[in-house]
Amino acid sequence: MHQSTAVDNRVGSRAETVGIALQAKSIAKSYVIGGQSRPVLDGIDFHVDIGECVFLAGPSGSGKTTLLSILGLLLTSDSGELFLRDRRVDGLSEVERTMIRRERIGFVFQRFQLINGLTAEDNVSIPLTMDGVPMREARERAGALLSRMGLAEHRQALPSSMSPGQCQRVALARAVIGQPELILADEPTAALDGKSGKAVMELLRELTTEFSSSTVVVTHDPRIYDYADRICEMENGRFK
Ligand code: ADP
Ligand code: MG
């Protein structure tokens, strides 16, 4: 199998490959709407083992995105505890949470959220340059990863000239290039046709296995359920 430099570095730096990557205990969250508090997450207990790929399924409005946002430190819970490996990460300052997100978590969104004015290679380079990697090296590493993902011809392409499936592969490359230990994906195949969705999931599984990353995928796309190690189904802010 072809390996990029990023992969080599990453496996070498990952000490543990067994254990719990992420643990959430009694997570609760309410939104205040029109002066009334409305519970959205109702005491969620959840964990992901190192190297595991867990799907969060369930109908629209059941709280999947809210839970994923809390796991990714984009949103804070009202109560409960959250651990990344053995570090407790709830109750940290905004600055600390931003650092952890940058260093340890990669995100993939339904609508890709690529920067339209930047080439595929430059979009993928962003996490590296933010970490202080020189532009030239960042582009080389981004280009190598894109090539490995079947996008060699599109390294210099703008997102507007690529198909949705290609854009999502670029977004996936951007999520993994910084070698995060946790990858969080919110409906990553919802905007894709069946074939592109499977291609994205195959790459996600391949890269995360190789990197010993742990992954949480929010989806209600049954076409990709085969890619899960475990499926947790939500309903009204709880697990069924
Ligand atoms: P899912 O991803 O499963 O569709 P969400 O987590 O997005 O569910 O939303 C769960 C519930 O919380 C929904 O009823 C939604 O309307 C509500 N909600 C989500 N985000 C907000 C917000 N920022 N303010 C108020 N209500 C919200
Ligand atoms: Mg959602």
- Task: Using just the helices of the chain, give the 222 nm mean residue ellipticity in deg cm²/dmol: DSSP H runs with n ≥ 4 each add -39,500 (n - 2.57), and the total is spread over all residues, rounded to 500.
- Result: -11000 deg cm²/dmol
- Item | Antiparallel %, DSSP beta bridges [both residues in the chain], to 5 | 55 percent
- Query: Across segment 226-240, in residue order, what do the Karplus-derived ³J(HN,Hα) couplings come to in whole Hz, using 6.51 cos²θ - 1.76 cosθ + 1.60 with θ = phi - 60° and x for Gly and Pro?
  - Reply: 4, 7, 8, 7, 7, 10, 10, 9, 9, 8, 6, x, 9, 8, 5
- Taking the Cα atoms only, what angle lies between the long axis of helix 135-148 and the longest principal axis of the chain, rounded to 10 degrees? 80 degrees
- Task: For LYS195, list the aspartates and glutamates whose Cα falls under 18 Å from its own Cα; do not include residues on the same chain fewer than 8 positions away.
- Result: GLU187, GLU206, ASP221, ASP226
- Query: Rounded, prolate or oblate: which fits segment 189-231, taking a ≥ b ≥ c as square roots of the Cα gyration tensor eigenvalues, rounded meaning a/c under 1.5, else prolate when a/b beats b/c?
  - Reply: oblate
- What dipole magnitude, in Debye to the nearest 20, does the chain give about its Cα centre under +1 on Lys/Arg Cβ and -1 on Asp/Glu Cβ? 300 debye
- segment 54-113 accessible area per residue, 1.4 Å probe, protein heavy atoms, integer Å², reads 47 Å²
- Which distance in nm do the two modelled labels at ARG88 and GLU233 give, with both placed 7 Å along the Cα-to-Cβ direction? 3.5 nm
- Query: What order, most packed first, do the peptides 213-219, 22-28, 223-229, 66-72 have when packing is the mean number of other Cβ atoms within 10 Å of each residue?
  - Reply: 213-219, 66-72, 22-28, 223-229
- Query: In a shell of Cβ-Cβ distance under 11 Å around ARG223, excluding ARG223 itself, what net charge do Lys and Arg (+1) and Asp and Glu (-1) give?
  - Reply: -1
- Message: Give me Rg/Rg_expected for the chain, where Rg uses Cα atoms only and Rg_expected = 2.2 N^0.38 Å with N residues.
- Response: 1.00
- When all protein chains stay in place, what accessible area (Å², nearest 10, 1.4 Å probe) is found for ILE20? 70 Å²
- Message: For GLN156, project a label point 7 Å along Cα to C-beta. Then give me every residue of segment 118-138 with its amide nitrogen under 18 Å of that point.
- Response: 118-125, 136-138
- Task: List the lysines whose Cα lies under 28 Å from the Cα of LYS25, skipping any in the same chain that are fewer than 8 positions away.
- Result: LYS64, LYS240
- Item | Estimated FRET transfer efficiency (ASP42, TYR225; beta-carbon r; R0 30 Å; 0.05) | 0.75
- Note on the structure: Once both label points are put 7 Å beyond Cα along the C-beta direction, the LEU75-GLU96 separation in nm becomes 2.2 nm
- Expressed as a percent, the accessible surface of the chain that is carbon or sulfur, using a 1.4 Å probe and the full set of protein chains, is 49 percent
- Message: Tell me the angle of helix 120-130 to the major Cα principal axis of the chain, expressed in degrees between 0 and 90 and rounded to the nearest ten.
- Response: 70 degrees
- Message: Please enumerate, by chain and number, the aspartates and glutamates with C-alpha under 15 Å from the C-alpha of LYS29, excluding those fewer than 8 residues away in the same chain.
- Response: ASP42, ASP45, ASP78, GLU81, ASP90, GLU235
- Give the relative contact order (percent, whole number) for the chain; include only Cα pairs under 8 Å separated by 6+ residues. 30 percent
- Each residue of segment 166-173 in turn: what ³J(HN,Hα) in whole Hz from Karplus with 6.51, -1.76, 1.60 and θ = phi - 60°, glycine and Pro shown as x? 5, 4, 5, 5, 4, 5, 5, 4
- Note on the structure: Amide H proximity to ASP78 below 5 Å, modelled H, separation 5+ or other chain, gives ALA28, LYS29, SER30
- Item | Global form of segment 83-196, assessed from the alpha-carbon gyration tensor, a/c cut-off 1.5 | oblate
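The values are calculated or read from the model by the stated rules, or taken from the named source; none is laboratory data. Owing to the predicted nature of the structure, the values given are computational and were not obtained by experimental measurement. Reconstructed Cβ throughout: ideal geometry from the backbone, glycine too, with neighbour counts over all protein chains shown. What goes into the accessible areas is simple: the full protein's heavy atoms, side chains included, and nothing from ligands, DNA or RNA. Shrake-Rupley method; radii C 1.70, N 1.55, O 1.52, S 1.80 Å.
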